[in-house]
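*Asks:* After the structure tokens below, expect a handful of questions from me.
Derivation of every value follows stated rules applied to the coordinates shown; laboratory data play no part. What you see is a predicted model, and the numbers here were worked out from it, not measured in a lab. A quick note on method: Cβ atoms are made from the backbone with ideal geometry, for glycine too, and the neighbour counts reach across all protein chains shown.
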Amino acid sequence: MDGPAGASGAAVARRYLWLMMPAMVGASGVGAAIVLLLAVFVVPTPELDDPLGVLLVNLGVAVGYTAVSLVIGLLWGWRMLRPMVIWLRSAAAPTAREQRIALRAPLRVVLVVAAEWAVAVVVFAALNAPTSPMLAAAVAVTVALGGATTCAFVYVLAERIGRPVAARALAWGVPARPVLPGLTTRALLVWMLGSGVALFGGVLVGSATLTGAPVTVTELAVIMLVIGGTALFFGLLLVALSARAAAAPVLSLRDAVARVERGDLDAEVPVYDGSELGLLQAGFNSMVAGLREREQVKDLFGRYVGPDVVAGALERGTALGGEVCDVAVLFVDLVGSTGIAASRPPTEVVSLLNAFFAVVVDVVDEHGGWVNKFQGDAALAVFGAPASLPDAAGCALAAGRVLGRRLAEEVPQVQAGIGVSAGRAVAGHIGDHRRFEYTVIGDPVNEAARLTELAKSIPGRVLASAAAVEAAEEREAARWRLGDDVSLRGRLDSTRLATPRAQRS
């Protein structure tokens, strides 16, 4: 399988690293700001002998811990994602492990961030426990809330930044099951981490107030404003980012479906999601590939038997047998084909035959018929079956006239006899259920073949039966002149000949 088109793997890896590092730093900064906001304005704290000193100690430790944790986190994240980066730079097909790492990269990044914040909870709880157990608990809860919000932001950003990586990994094959949280899980996490965290903080404040924590009305109002503002701003931001991430694949699918409805079977959507959305994207591409293959088979089938036969087979099936119907038949055969094959190189003969048959197919199609079969250097065309055709006889006669003129003009290296007949024949599938063909069998076919043999020896080399002329509408019938009755080889009844009025019989 060929690799995915687009940017090189090295470029994708470079873009991913350059975007992911500032995203992690920025998200951690947002989390730290939330913690500071909650600690100063929201979380009730016990009475302290030196509150300013405690605050400065916590701020100092926070700055130091943030710097150290960011360095450790980036190194740890690099170690976890290094196999993915090496694979991207190699431009080779990923192993199952490399693909899994690439698709789960957002979860791995979140794992690093969650571990940093979990350690921070322990560090700050231990730092404040000697001062006051209640303060330690309040700070631990505050840090945990900030960490949860940070993890939510990191996941949303990591999933968005990692789409080119996921697309490249999924281009080599889609897992049978989702490897990332689905839409339901994502929605619940976004709500919980974006709004639920702030609301939980409000619950803690209410609980603390009810248990006797000293909170004035003004302080309670400020707490509610901060909690409400945090929930509104960060909740809305997270929901918007998550909704956009979920809507993008759906919108691309909608556009692709519209293209398929318009007949564009080259429509394809990029697969860049490891959840059920990615399976949906891959499923759509597989469906379109199946439709494309079906149309290719239908087109190929149609080139062998004709589009009308294909349409009939799809609509009515391919049961053996046929039906009696009125048809017109045109038969065309080269003059002196044996001598042509003996005097020319095989490649030149094939080229000449292709040029000859190209004119035949073009003229027959132009007049509503279809070439039923090629027989060496001859061709049998049918008008009026399997699809009915108004004035089938007139169309076949017009095709015979035009074909005689065009062959003389466009393929002067060869000469061909043309015979046209009309009447009742059996049209249907002939053969065995393992191998059959659609064809027309009956007297008009035999008569057209015999007329073609006779036409090779007359000027203009186009002959028709009087029955075909009489069956045609007046406009086309007037273009033909009736001639003598002749007995054609292999036929009991005589046939009255007809020639185009433009040529002499």
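*Asks:* By counting other Cβ atoms within 10 Å of each Cβ, how are 252, 421 ranked from fewest to most?
*Replies:* Least crowded to most crowded, the residues run 252, 421.
*Asks:* Right, something else. Pop a pseudo-label 7 angstrom from the Cα along the beta-carbon direction at both residue 36 and residue 481 and give the gap in nm to one decimal.
*Replies:* It is 10.7 nm.
*Asks:* Considering amide H positions built from the backbone, and no H for Pro or chain starts, which residues 5 or more places from residue 456, or on another chain, come under 5 Å of its amide H?
*Replies:* Under 5 Å from the amide H of residue 456 lies no amide H from a residue far enough along the sequence or on another chain.
*Asks:* What length, rounded to one decimal in nm, is gained on full extension from residue 90 through to residue 59, with 0.36 nm per residue of separation minus their alpha-carbon distance?
*Replies:* Extra length available between residue 90 and residue 59 comes to 6.7 nm.
*Asks:* Please work out the FRET efficiency for the pair residue 424 and residue 338, using the Cβ-Cβ distance as r and a Förster radius of 41 Å; give the result to the nearest 0.05.
*Replies:* The formula returns an efficiency of 0.75 here.
*Asks:* For residue 187 and residue 236, what is the calculated FRET efficiency with R₀ set at 22 Å and r taken between the beta-carbons, to the nearest 0.05?
*Replies:* 0.95
*Asks:* Here is a follow-up. I'd like the trypsin sites (Lys or Arg not before Pro) in segment 415-446 restricted to DSSP loop residues with at most 10 other Cβ atoms within 10 Å, sorted by number.
*Replies:* Hits after loop and neighbour filter: 434.
*Asks:* Then there's this: Grab the beta carbon distance between residue 286 and residue 71, set R0 = 60 Å, and tell me the FRET efficiency rounded to 0.05.
*Replies:* After rounding to 0.05, the efficiency reads 0.85.
*Asks:* Quick one: grab the alpha carbon gyration tensor of segment 350-505, order the square roots of its eigenvalues as a ≥ b ≥ c, and give me rounded if a/c is under 1.5, else prolate or oblate depending on whether a/b is larger than b/c.
*Replies:* Rounded shape, in that the Cα axes give a/c under 1.5.
*Asks:* Given points 7 Å out from each Cα along the Cα-Cβ axis, report the residue 387 to residue 21 separation in nanometres with one decimal.
*Replies:* A separation of 6.4 nm, rounded to one decimal place.
*Asks:* Using the count of nearby Cβ atoms within 10 Å as a rough guide to exposure, how do 233, 331 rank from fewest to most?
*Replies:* Fewest-to-most ranking of 233, 331: 233, 331.
*Asks:* Tabulate in residue order the Karplus-calculated ³J(HN,Hα) for segment 445-453, using 6.51 cos²θ - 1.76 cosθ + 1.60 with θ = phi - 60°, rounded to whole Hz; enter x for Gly and Pro.
*Replies:* Those phi angles translate into 5, 5, 5, 4, 5, 5, 4, 5, 4 Hz.
*Asks:* Hey, another quick one. At 7 Å along Cα-to-Cβ for each site, give me the label-to-label distance between residue 111 and residue 474 in nm.
*Replies:* Placing both labels 7 Å along Cα→Cβ, they lie 8.9 nm apart.
*Asks:* Per residue of segment 372-382, what does 6.51 cos²θ - 1.76 cosθ + 1.60 with θ = phi - 60° give for ³J(HN,Hα)? Whole Hz please, x for Gly and Pro, Karplus curve as stated.
*Replies:* Each residue of segment 372-382 in turn: 6, 6, 9, 10, x, 10, 10, 9, 10, 10, 10 Hz.
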